[in-house]
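What follows is a set of notes on a single structure, which appears directly below.
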Amino acid sequence: KNQVEQSPQSLIILEGKNCTLQCNYTVSPFSNLRWYKQDTGRGPVSLTIMTFSENTKSNGRYTATLDADTKQSSLHITASQLSDSASYICVVSEGGGGNKLTFGTGTQLKVEL
Amino acid sequence: KAGVTQTPRYLIKTRGQQVTLSCSPISGHRSVSWYQQTPGQGLQFLFEYFSETQRNKGNFPGRFSGRQFSNSRSEMNVSTLELGDSALYLCASRSQGDTGELFFGEGSRLTVL
């Protein structure tokens, strides 16, 4: 069964600090991996999309890495801001033309002063 | 370019009633997918439509149904509402291709009393 597991479930950090969120998946065949940011009560917004051949991709202070061999991804947030407080969702797309997506349950990040 | 529009944003229903939610995708996007989001469960895939045809379906009972019109607008219907159907229902439209980015709407918050 295809699964996406994220850790930690929740995280509290001080403003200005860095943090790393983890995503492990068992989806096969693999097509791509996406990270989304979801503010409370809003729809998710895409941060990065990585295919098999990409092992790192940045979007401002967000840097995602992908190790397709170990089926792991991480999202690193640099110099956190209060506005980074949100849920971060890892989504893996199945290959083979099925277009099926498997969602992680997300990591709830809170950035405090 | 207008984003994904969902209506209504909030609604309250009672058990046994039925509800219809609407989603207008980004212009040019032919794929529309629906998700249910509840606290602790993450995003659960309901179904995906492409060019008026249901392409994928999640593991939800038959009370949950959907359709897509020729202009790509989509509706989902939930009949015989149960308390457990209370959730944020998100719609997303996708650009072409397997790596097509998902664009989410703001969601419809359904409360069943």
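On inspection, B:Phe64 qualifies as more than 14 Å from chain A (Cβ to nearest Cβ), free of Cβ contacts under 8 Å to residues at least 40 places away in the same chain, surrounded by fewer than 20 Cβ atoms within 10 Å (Cβ to Cβ) and not β-branched (Val, Ile, Thr).
Conditions tested, residue by residue: (1) crowded, with 16+ Cβ neighbours inside 10 Å; (2) of a type outside the set (A, V, I, L, M).
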residue: A:Thr40; (1), (2): no, yes
residue: A:Ile49; (1), (2): yes, no
residue: A:Ala64; (1), (2): yes, no
residue: A:Ile77; (1), (2): yes, no
residue: A:Ala86; (1), (2): yes, no
residue: A:Glu94; (1), (2): yes, yes
residue: A:Glu112; (1), (2): no, yes
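Annotation note: of A:Ala86, A:Ala79, the sole residue that is over 15 Å from A:Val27 (Cβ atoms), among the small types (Gly, Ala, Ser) and away from every other protein chain (no Cβ under 14 Å) is A:Ala79.
Tell me, which strands (runs of 3 or more DSSP E) wholly within segment A:1-85 include 1 or more residues that are aromatic (Phe, Trp, Tyr) and within 14 Å of the chain's Cα centre (by Cα)? In segment A:1-85, A:19-25, A:30-38, A:62-67 are the strands (runs of 3 or more DSSP E) which contain 1 or more residues that are aromatic (Phe, Trp, Tyr) and within 14 Å of the chain's Cα centre (by Cα). Quick one: in segment B:93-106, of everything that is modelled with pLDDT of 70 or more, part of a loop (DSSP other than H, G, I, E, B) and more than 8 Å from chain A (Cβ to nearest Cβ), which residue is farthest from B:Ser24 (Cα to Cα)? Restricting to residues being modelled with pLDDT of 70 or more, part of a loop (DSSP other than H, G, I, E, B) and more than 8 Å from chain A (Cβ to nearest Cβ), the top hit is B:Gly100. Assess whether B:Leu90 counts as being touching a residue at least 12 places away in the same chain (Cβ under 8 Å) and within 12 Å of another protein chain (Cβ to nearest Cβ). Spelling it out, B:Leu90 is indeed touching a residue at least 12 places away in the same chain (Cβ under 8 Å) and within 12 Å of another protein chain (Cβ to nearest Cβ). The condition of being farther than 20 Å from B:Ser93 by Cα, in contact with a Phe, Trp or Tyr (Cβ under 9 Å, 6 or more places away or on another chain) and of a type in the set (S, T, N, Q) holds for only one of A:Ser93, A:Ser10, A:Ser87, A:Ser80, that being A:Ser87.
The values are calculated or read from the model by the stated rules, or taken from the named source; none is laboratory data. Bear in mind the structure is a predicted one, so any value in this text is a computation, not a measurement. Positions of Cβ are backbone-derived with ideal geometry, glycine not excepted, and every protein chain shown enters the neighbour counts.
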